[in-house]
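A.B. asks: Below is the structure I would like to discuss, written out as structure tokens.
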Amino acid sequence: KLTYAFNALEPHIDARTMEIHHDKHHNAYVTNLNAALAGKPEEKLSIEEICKSISKYPMPVRNNGGGHYNHSLFWTIMKPAGGGEPGGELGDAIKSAFGSFADFKTQFAAAGTTRFGSGWAWLSVSSGKLVVSSTPNQDNPLMDIAEVKGTPVLGMDVWEHAYYLHYQNRRPDYINAFWNVINWDEVSRRFKAAK
Ligand code: MN3
């Protein structure tokens with residue numbers, strides 16, 4: 001269950017999009033992942049463990065397991081009246097990795113806009129350092145097949161299902177609005193845990 005109402009992120013992300021995204025899309029990933037692993041010993045593993053050795057699994061586990069991990073993270077790194085600029089250790093780490101918060105925003109937004117087709121933009125901790133990357137489909141930086149590996153602390157869904165009802169083809173407008181719903185407290189918590 002979401003910890004906030006479907007309309008809590010309006011006007012940036014509309015209620016109908018949130019409802020379909022959470023109750024239909026994420027739900028389908030969970031159902032399909034459970035079906036793909038039913039009766040197998042891997043059923044007992046955490047989703048993180050599965051992602052880390054994803055190359056050993058068939059495509060349905062990669063797509064639906066990634067879908068479950070990615071969306072579980074996505075709901076928590078957003079909140080009503082979010083946004084602003086992170087301070088503390090995370091704020092310092094962003095400045096040291098990217099030069100400034102503005103430079104980080106430019107890189108992260110570019111990762112989302114230039115991802116062709118469906119995928120995600122990520123901020124991850126990789127060998128103790130923050131990196132921006134993007135992945136296709138439901139892949140993520142935890143996966144052993146990822147081009148840029150790390151522990152995700154912030155993820156932005158750029159599948160059309162994440163924005164199309166309200167923004168249609170204007171992905172850059174959705175990305176712009178996303179900055180207003182980021183839950184930096186949760187991103188900071190994930191950053192400290194990942195280091
Ligand atoms: Mn999605």
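Read the figures in this text as sums done on the coordinates, not as results from a lab. Keep in mind that what you see is a predicted model, and the values were worked out from it rather than measured. Here Cβ is always computed from backbone atoms with ideal geometry, including for glycine, and neighbour counts include all displayed protein chains.
A.B. asks: Roughly speaking, what is the centre-to-centre gap between segment 79-137 and segment 139-195 when only Cα atoms are used, to the nearest Å?
C.D. replies: Each part's Cα centre sits 8 Å from the other's.
A.B. asks: Provide the per-residue ³J(HN,Hα) series for segment 4-17, in order, calculated from phi with Karplus coefficients 6.51, -1.76, 1.60 and θ = phi - 60°, each as a whole number of Hz, with x at glycine and proline positions.
C.D. replies: Per residue, the Karplus-derived 3J(HN,Hα) values read 9, 6, 4, 8, 5, 9, 5, x, 6, 10, 6, 4, 5, 4 Hz.
A.B. asks: Taking the number of other C-beta atoms within 10 Å as the exposure measure, put 76, 17, 31 in order starting with the fewest.
C.D. replies: Working: 76 16, 17 20, 31 12.
Going from sparsest to densest Cβ surroundings: 31, 76, 17.
A.B. asks: Shifting gears a bit: So what is the orientation-averaged projected area of the chain, using the convex hull of its C-alpha atoms, in nm²?
C.D. replies: If you wrap the Cα atoms of the chain in a convex hull and average its projections, you get 10.3 nm².
A.B. asks: To make sure I understand, if each residue's beta carbon is the centre and we count other beta carbons within 10 Å, what order do 156, 59 fall in, fewest to most?
C.D. replies: In order of increasing Cβ crowding within 10 Å: 59, 156.
A.B. asks: For the chain, with only Lys/Arg (+1) and Asp/Glu (-1) charged at the beta-carbon, what is the dipole magnitude about the Cα centre, in debye rounded to 20?
C.D. replies: Approximately 280 debye in magnitude.
A.B. asks: List, in order, the whole-Hz ³J(HN,Hα) value for each residue of segment 169-185 obtained from phi through the Karplus relation with A = 6.51, B = -1.76, C = 1.60 and θ = phi - 60°; use x for Gly and Pro.
C.D. replies: Each residue of segment 169-185 in turn: 7, 8, 4, x, 5, 4, 5, 4, 6, 4, 4, 7, 10, 6, 8, 5, 4 Hz.
A.B. asks: Additional query: Mind listing the phi-derived Karplus ³J(HN,Hα) values for segment 74-83, rounded to whole Hz, using 6.51, -1.76 and 1.60 with θ = phi - 60°, and x for any glycine or proline?
C.D. replies: My calculation for segment 74-83 gives 4, 5, 7, 8, 10, 7, x, 6, x, x Hz in order.
A.B. asks: Go through 105/129; 24/44; 56/149; 24/105; 1/195 and tell me which ones have a Cα-Cα distance over 19 Å in this structure.
C.D. replies: In this structure, 24/44; 24/105; 1/195 exceed 19 Å between Cα atoms.
A.B. asks: Which order do the peptides 81-92, 118-129 take when ranked by the mean count of other beta-carbon atoms within 10 Å per residue, highest first?
C.D. replies: Averaged packing, sorted descending, gives the order 118-129, 81-92.
A.B. asks: Against the 2.2 N^0.38 Å scaling, with N counting residues, where does segment 10-56 land? I'd like the Cα-based Rg ratio to two decimal places.
C.D. replies: 1.53
A.B. asks: Then there's this: Label points 7 Å out from Cα along the Cβ direction at residue 110 and residue 27: separation in nm?
C.D. replies: So the two model labels end up 4.0 nm from each other.
A.B. asks: Now for a separate question. Place a +1 charge on the Cβ of each Lys and Arg in segment 59-123 and a -1 charge on the Cβ of each Asp and Glu, then give the dipole magnitude about the Cα centre in debye, rounded to the nearest 20.
C.D. replies: The dipole of segment 59-123 has a size of about 280 debye.
A.B. asks: Which order do the peptides 93-102, 134-143 come out in when sorted by mean C-beta neighbours inside 10 angstrom, highest first?
C.D. replies: On the way: 93-102: 14.7, 134-143: 21.5.
Highest to lowest by the protection proxy: 134-143, 93-102.
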